[in-house]
1. Around residue 11, with a cut-off of 15 angstrom between Cβ atoms, what is the net charge of the other residues, counting Lys and Arg +1 and Asp and Glu -1?
2. Packing-wise, with mean Cβ within 10 Å as the measure, how do 71-80, 51-60 rank, highest first?
3. Tally Lys and Arg at +1 and Asp and Glu at -1 over the other residues with C-beta under 14 Å from the C-beta of residue 91: what net charge comes out?
4. Measure up 77/116; 9/102; 102/123; 9/115 against 22 Å on the Cα-Cα distance and list the ones that go over.
5. Treating the angle as unsigned and between 0 and 90°, give the value, to the nearest 10°, between the Cα long axis of helix 111-124 and the longest Cα principal axis of the chain.
6. Within 15 Å, Cβ to Cβ, of residue 117, how many net charges do the neighbouring residues add up to if Lys/Arg are +1 and Asp/Glu are -1?
7. Quick check for you: with a 1.4 Å probe and neighbouring chains kept, what is the accessible area per residue of the chain, in Å²?
8. On C-alpha positions alone, give me the angle between the axis of helix 2-36 and the longest principal axis of the chain, in degrees, nearest 10.
Amino acid sequence: KKLQFGFLKAILIPLLASSVSLYYLIYAFVSWKMMIIPENVVENFLPPLRRVNLILLICAPILIFLLTRWAVVISNKIAGPIYRLNKDLDKLSGGDLSVRFKFRKNDNFFHPIAKKLNAVLDKVAPAR
């Protein structure tokens, strides 16, 4: 769980910070430009700007929820195999040379690691 929360923070905090910063920069730029633009043009520009704010107010929480959900799924795909690897390494460091590294079927990125670790164990285990 600690790894997952770290992963979520690593994704969501920069995402939120960059989103808020980008919105602020755009809004500040538009506000600054509106000071130079004649008043009748500003009156025509404000309703679309308010619509954009409303759309962002509705879409931002939905987008944040979806990205959080995605980050949880991705962190599970990383944290699960790392947890399993850590447990097997603990057994191995305890002297259990019968340990064989095995990951879930969908943990595709970790299968080569398991294969190499098992090959090393196959070479070391007969020597004992």
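The values are calculated or read from the model by the stated rules, or taken from the named source; none is laboratory data. Bear in mind the structure is a predicted one, so any value in this text is a computation, not a measurement. Note that we place each Cβ from the backbone using ideal geometry, even for glycine, and neighbour counts take in every protein chain shown. Accessible surface is based on the protein model in full, side chains and every heavy atom, while ligands, DNA and RNA are left aside. Shrake-Rupley method; radii C 1.70, N 1.55, O 1.52, S 1.80 Å.
1. Here the charged neighbours net out to +3.
2. 71-80, 51-60
3. Summing Lys/Arg as +1 and Asp/Glu as -1 gives +1.
4. 9/102; 9/115
5. Its long axis makes an angle of about 20 degrees.
6. Once all neighbours under 15 Å are counted, the net charge is +3.
7. 80 Å²
8. Taking the Cα atoms of the chain, the angle to 2-36 is about 20 degrees.
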